[in-house]
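Note sheet for the following structure.
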Amino acid sequence: MSKKSRTKGHNFEREVALILNEAFYLADLPIKLQRDLSQYQERDRGDLVGLEDYGFVIECKRYAKGNKPLTAWWDQVTTAADYQNAIPLLIYRFDRMQSEVQFPLMMFITEDEHQPEFNEYFVRMDFDKFLHPFISYIKAKHEQS
């Protein structure tokens, strides 16, 4: 991977963290995401840390060409999520397109503990539209704790 590609990826991770941190702040949630710098030293980690207590692993991908995420991206984040017993979130963007998120269909549907087999059934949607239900979900989990 070229230095330019790595920089593009790191900048996207920072951008996603900034957007989510602003949404958490506006929802009065004490959560602050940041890039996981140890992701290069340890296997099965996501790109952002700060949502471990809420059971999420976030992987960010930023590429020039494409219109849907690669299967390898989903495999990467679900492997990390399975390892951490967490819910995978894949946030990605291609050039000249809106950011999107892919997540397990059952994430908002079941109150049961997340099961890895749920990862086989996923949904994709605009990241901006995903923010409201996601923040509401996190807020509800926060109030339960």
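The values are calculated or read from the model by the stated rules, or taken from the named source; none is laboratory data. As the structure is a prediction and not an experimental result, all values here were calculated from the model. A quick note on method: Cβ atoms are made from the backbone with ideal geometry, for glycine too, and the neighbour counts reach across all protein chains shown. Keep in mind that these areas ignore ligands, DNA and RNA; they rest on the heavy atoms of the full protein, side chains included. Shrake-Rupley method; radii C 1.70, N 1.55, O 1.52, S 1.80 Å.
Pairs of lysines in the chain whose Cα atoms sit within less than 26 Å of one another amount to 21, provided the residues are eight or more positions apart or on different chains. Distances between placed amide hydrogens fall under 5 Å for V57 paired with I87, L89, all partners being 5 or more residues away or on another chain. Sites counted here are trypsin sites (Lys or Arg not before Pro) in a DSSP loop (not H, G, I, E or B) having no more than 11 other Cβ atoms within 10 Å; the longest part of the chain that contains none of them is 97-145.
Just checking the listed ones, F108, F94, F24: in the Gaussian network model of the chain with Cα springs under 10 Å, the one fluctuating most is F108. Only Cα pairs under 8 Å and at least 6 apart count here; give the relative contact order of the chain as a rounded whole percent. Result for the chain is 18 percent. Taking GluC sites (Glu not before Pro) as exposed when DSSP calls them loop and at most 16 other C-beta atoms lie within 10 angstrom, the chain has its longest site-free stretch at 43-110. Judged by the ratio a/c of the largest to the smallest principal axis of the C-alpha gyration tensor, segment 81-145 counts as oblate, that ratio being 1.5 or greater while a/b is no larger than b/c.
Here each label is just a point 7 Å from Cα along the line to Cβ, and for E22 and M125 those points are 2.0 nm apart. Let me know the shape class of the chain, please: from the alpha-carbon gyration tensor, a ≥ b ≥ c as square roots of the eigenvalues, rounded when a/c is under 1.5, otherwise prolate if a/b is greater than b/c, or oblate. Here the chain falls in the rounded category.
Extending 7 Å from Cα along the Cβ direction at K141 and again at E117 yields two label points whose distance is 2.2 nm.
Taking every DSSP bridge with both residues inside the chain, close to 60 percent are antiparallel. Just the protein heavy atoms count here, and of the accessible area of segment 11-121 at 1.4 Å, carbon and sulfur take up 48 percent. Taking all protein chains into account, the per residue accessible area for segment 29-145 stands at 59 Å² (1.4 Å probe).
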